[in-house]
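In what follows, a structure is listed as structure tokens, so that the remarks can point back to it.
The values are calculated or read from the model by the stated rules, or taken from the named source; none is laboratory data. Note that the structure is a prediction, hence the values are computed from the model and not measured. Note: ideal-geometry Cβ built from the backbone for every residue, glycine included; neighbour counts use all protein chains shown. The accessibility values were calculated without ligands, DNA or RNA, using every heavy atom of the protein model including side chains. Shrake-Rupley method; radii C 1.70, N 1.55, O 1.52, S 1.80 Å.
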Amino acid sequence: MGERTADVQPGVIGETLDGLAALIRQRHEQLPEGSYTTRLLTEPVDYVLKKLNEEALELALAIKDDDHDHIRYEAADLTYHLLVALERAGIDLSELAGELNARMR
């Protein structure tokens, strides 16, 4: 696990996800050297898939430990890696939202 994030303040999830997805898209377009996001977007797909699995397991273990801050931290890691994987697959948040909305009917 990485270091705990200090001074976490509540936010609006839609705005946050939109902003993060836009940043990932920008990194995909520009591919800045030395960027971890660039690495996830350009390495063979197995690299990002490995990270998704790793983060999902870490989240599951944090939930098992019932550690609130650790759960939040790992959920953020998993969400970031999921958004990178979706960007690689050409799926944007509006398409994901449409899929989720269709399931709520």
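Below is a table of values for the structure above.
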read-out	value
Rough spin-label spacing in nm, given labels placed 7 Å along Cα→Cβ, for residue 28 and residue 65	3.2 nm
Per residue accessible area of the chain, 1.4 Å probe, in Å²	70 Å²
Candidate residues 51, 64: accessible-area rank, largest first, probe 1.4 Å	64, 51
